[in-house]
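Participant: The structure's right below; bear with me while I get my questions together.
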Amino acid sequence: MHMRTLHLVLLALSVTATDAFAQATAASPPTDYSNPQVWLCRPGRPGACDVDLSTTVIGRDGRATVERAPLDPDAPVDCFYVYPTVSTDTTTNSDLVPNETERNVVRLQLARFGTKCRLFAPMYRQLTLAAMGRANAAGIESPDFLGLGYQDVRAAWRHYLAHDNGNRGVVLIGHSQGSAILIELIRREIEGTPAQARIVSALLIGAPGGVLVPRGRHVGGTFAHLPLCRAATQTGCVVAYSSFRSTAPPTAATRFGMSADSTLVATCTNPAALGGGEAALNGYFDAKGETALPMGPAEPWKVGGQPIATPMVRVAGLLKAQCKSNTFATYLDVSVERGPDSPASRDIQGDLAEGLGLHLVDMEVAMGNLVDLVGQQSRSYLDKTRRR
């Protein structure tokens, strides 16, 4: 990653969502989400989710097979996704024209869910990396994720409910700034309303400030009604975690998984073992070694010394994880198996700096688990709906 880009990324990840950062929202007209051009992905039109998800799967014996992942246009539930801080626009808020980083993060974080749900991903005027850097330089440590960006996502959500949902179940998916916005959307627009009954689950990954609950409980704190997911058949619940490499756990410099309130703790729900304990992660990675923000020069994956031809790669037995807590944070502890018998030719990327963990690949390390979970939760939701 170029040093200027890395500097902006670190600044972007060091802030939390509050109402303190003033923006000139009054002069900005609302975004019209009846315009299909302001959606990265939505059913019935070509978009950023229409990508090749072919994956080279490297088995424990070192053999490689190719796995296909066809999207299901007739999936019975929907996924509504808000992407993380990726905009390289130089303005305070991004525009509504997708660039390569926005298309790339959708490819890595959302497209595979299209095997289980219809995909909706609005563009929104997020706080850019540059804006967060300027705010930090000015001594403003709490830029507001809830200004224009929140207003746009709220407008997109309301348009989706009115024109697209049709009483279908919906999975909310967010990462980083996207998770922060979805947390407020749930609190302000969903909890305690008829829309709450349509929530299959909420995947709120890598949220600045995290999802908090009272010590020893699975509900309360950030959300009044939505509990943490503790079983794959549970619906109307939340999956939330921030991932750290087992060899580099959170320190005093951490920006994720901590709580300033001694009565509340940050949550960690391991998507591979919702009930607790350690389990294998089913990670999907870009075969060229790219992450949501470029870490270039990327190191490509190889098998048998040769570059992988498919766009994505999965290595059986490479990753395992469990939720842990230390003095500083509660987090998803990710171990990488790269012993002499491992077929992987390289380590995973995604580290930024001390305190930030594997934030760039929070979703990729558990993508297969998250997709499988959405499939199981969707079936459970549909069964419960039919019995009503």
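What follows draws every value from the coordinates through simple rules; no lab data is involved. Since the model is a prediction, treat every value here as computed from it, not as a measurement. FYI the Cβ positions are ideal-geometry reconstructions off the backbone, even for glycines, and counts take in every protein chain you see.
Participant: By count of other Cβ within 10 Å, fewest leading, how are LEU319, LEU264 ordered?
Facilitator: Numbers: LEU319 23, LEU264 18.
The order, fewest Cβ neighbours first, is LEU264, LEU319.
Participant: Another question, then. Stick to the Cα atoms of the chain, pair each with every other, and give me the Kirkwood hydrodynamic radius in Å at one decimal.
Facilitator: Numbers: mean 1/r = 0.0478 Å⁻¹.
Averaging 1/r across every pair of different Cα atoms and inverting gives 20.9 Å.
Participant: Suppose the Debye formula is applied to equal point scatterers at every Cα of the range 283-388; what is log10 I(q)/I(0) at q = 0.23, 0.24 Å⁻¹?
Facilitator: Log-scaled intensity ratios, in q order: -1.32, -1.39.
Participant: Give me the extension gain from ASP74 to ALA231: residue separation times 0.36 nm, minus the current Cα-Cα distance, reported in nm with one decimal. Don't jump to the answer; show the numbers that get you there.
Facilitator: On the way: separation 157, 0.36 × 157 = 56.52 nm, distance 2.58 nm.
Extra length from ASP74 to ALA231 when fully extended: 53.9 nm.
Participant: For the chain, what relative contact order do you get, as a whole percent, if you take Cα pairs closer than 8 Å and at least 6 residues apart?
Facilitator: On the way: 874 pairs, mean separation 74.1, N = 388.
Value for the chain: 19 percent.
Participant: Count the DSSP beta bridges whose two residues both fall in the range 172-309, then state the antiparallel fraction as a percent rounded to the nearest 5. Intermediate values should be presented prior to the final figure.
Facilitator: Details: 6 of 14 bridges.
DSSP beta bridges in the range 172-309 are roughly 45 percent antiparallel.
Participant: Per DSSP helix of 4 or more residues, -39500 (n - 2.57); summed, then divided by the residues of the chain. What does that give at 222 nm, rounded to the nearest 500?
Facilitator: On the way: 6 runs with 72 residues, N = 388.
Calculated at 222 nm, the ellipticity per residue is -6000 deg cm²/dmol.
Participant: Same structure, new question: What helices does the chain have that are whole DSSP H segments, at least 24 Å long along their own axis by Cα, and with mean Kyte-Doolittle hydropathy of -0.5 or more?
Facilitator: Details: long enough: 367-387 (30 Å, -0.84).
Helix filter hits for the chain: none.
Participant: With r defined as the distance between the Cβ atoms of ARG346 and ALA162 and R0 fixed at 41 Å, what FRET efficiency is calculated, to the nearest 0.05?
Facilitator: Values: r = 47 Å, r/R0 = 1.15.
For R0 = 41 Å, the calculated efficiency reads 0.30.
Participant: Same structure, new question: Take LYS116, LYS288 and order them by how many other Cβ atoms sit within 10 Å, fewest up front. Can you show the working numbers first?
Facilitator: Details: LYS116 25, LYS288 15.
Exposure proxy ranking, most exposed first: LYS288, LYS116.
Participant: Within a 10 angstrom radius of the beta carbon, how do TYR241, TYR150 rank from fewest other beta carbons to most? All intermediate terms of the calculation are to be shown ahead of the outcome.
Facilitator: On the way: TYR241 30, TYR150 24.
Final ranking by Cβ density, sparse to dense: TYR150, TYR241.
Participant: So in the chain, what percent of DSSP beta bridges are antiparallel if you round to the nearest 5? Don't skip to the end; give the middle numbers.
Facilitator: On the way: 25 of 51 bridges.
Once the DSSP bridges in the chain are tallied, antiparallel ones form about 50 percent.
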